[in-house]
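Report on the structure given below.
Every number in this text was worked out from the coordinates using simple rules, so none of it is lab data. Predicted model, so just to flag it, every value in this text is computed and none were measured. Cβ coordinates were reconstructed from backbone atoms using ideal geometry, including for glycine residues, and neighbour counts include every protein chain displayed.
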Ligand SMILES: [Zn+2]
């Protein structure tokens, strides 16, 4: 399903995003394709494509194909040189950064190990990475902004800034105002699971899925429900925080104050605890090495965690009926693959039955543990590329600036 354009005057930015989105999804599109798909007049489409070419967001070229009569029509594609964005993915003990172009290709990436719990250290580290990536590319190239992905939830007094997955000393997100000021670029931030889902939706495993669920394993476990390329955000932007769903009555104690939460059994933190990390998280390389060398303890952990994965897949499917569930996050895909092997066959649900359906129920992300980083970089680009009905509607209501600000942060 493709969003349709609207002819109201105030909807010009929305129509632009829709046209860009159609071009991104199809890879290339002619004027006629756009007119047929978007449902706007030829003149409006001509104006929009002209605007987008002037902004360097798209380029036109002759379409390949039959040379029956005359020249083949012109087709538009996204311009890979239409500007880059910088993504930062924050974890407790490290900062990954990447410079990504308009079509989702990483031009450059960096990683530093640093304890980000102290906000001043974190701010300095973020500024340094942004500046290094900015100086490193073609300096004439436009940079759309900086996107940051970090563990959530935000603004949930009982859950934010507590426990092993979050930044206890931060106590708030004012740090991003300081970052914006220091680097002179717009800064967008989101929960890592939502950023990752946006990345998958635009450039990854779910680019053809309009309704999918993204299960994110980083230090903790999170999720995002994507509907027509926007994340369902709930009342305060904290929907689908699946890691804190209780799955074992009187089970392991969780930082949220409850017992038996899913992420105390199924997360990088849970795995690292089990393997005796003493508070240190396993790295991607350590996990891959242990899996490949047949380390009994990591395989035992996967076997023990598999029933919880089976359970949450069934819960998500029955609650939300997604086209597919993408397994991603910062853990290596090999860990998900091992878990999936032990968890199969999946339980019966509204999504089960038949070979075709079974094959598409659960897929491991093809982003190789980078979905949050790509998703972070995508946040500023996404501002240009994807139609966001919610933001548009709220934007018309001028008295509601506060809610619009929230949408800018959460409703991707
Ligand atoms: Zn919990």
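Using the Kirkwood radius built from alpha carbon pairs, what does the Stokes-Einstein equation give as D for the stretch 252-327 at 20 °C and 1.002 mPa s, in µm² per second?
Reported coefficient: 154 µm²/s.
What fraction, in whole percent, of alpha-carbon pairs in the stretch 187-295 exceed 18 Å separation?
For the stretch 187-295, the share of Cα pairs beyond 18 Å comes to 58 percent.
If you average 1/r across every pair of different Cα atoms in the stretch 196-369 and take the reciprocal, what Kirkwood value do you get, in Å?
Hydrodynamic radius (Kirkwood, Cα pairs) of the stretch 196-369 is 16.4 Å.
Going by Cα centres, the stretch 245-322 and the stretch 355-372 are how many Å apart?
Comparing the Cα centres of the stretch 245-322 and the stretch 355-372, I get a distance of 18 Å.
Report the FRET efficiency, 1/(1 + (r/R0)^6), for residue 59 and residue 236, where r is their Cβ-Cβ distance and R0 is 45 Å, rounded to 0.05.
After rounding to 0.05, the efficiency reads 0.65.
Label residue 93 and residue 297 with points 7 Å out from Cα along Cα→Cβ: what is the distance between them in nm?
That separation, rounded to one decimal, is 1.4 nm.
Using the C-alpha gyration tensor of the stretch 17-56, what are the square roots of 5 times its eigenvalues, in whole angstrom, with the largest one first?
Each semi-axis is the square root of five times an eigenvalue, giving 14, 13, 8 Å.
Give the calculated FRET efficiency between residue 178 and residue 289 to the nearest 0.05, with a Förster radius of 41 Å applied to their Cβ-Cβ distance.
That pair, residue 178 with residue 289, gives E of 0.60.
Over the stretch 196-369, what is the relative contact order in whole percent, taking alpha-carbon pairs under 8 Å and six or more residues apart?
The normalised contact order for the stretch 196-369 reaches 24 percent.
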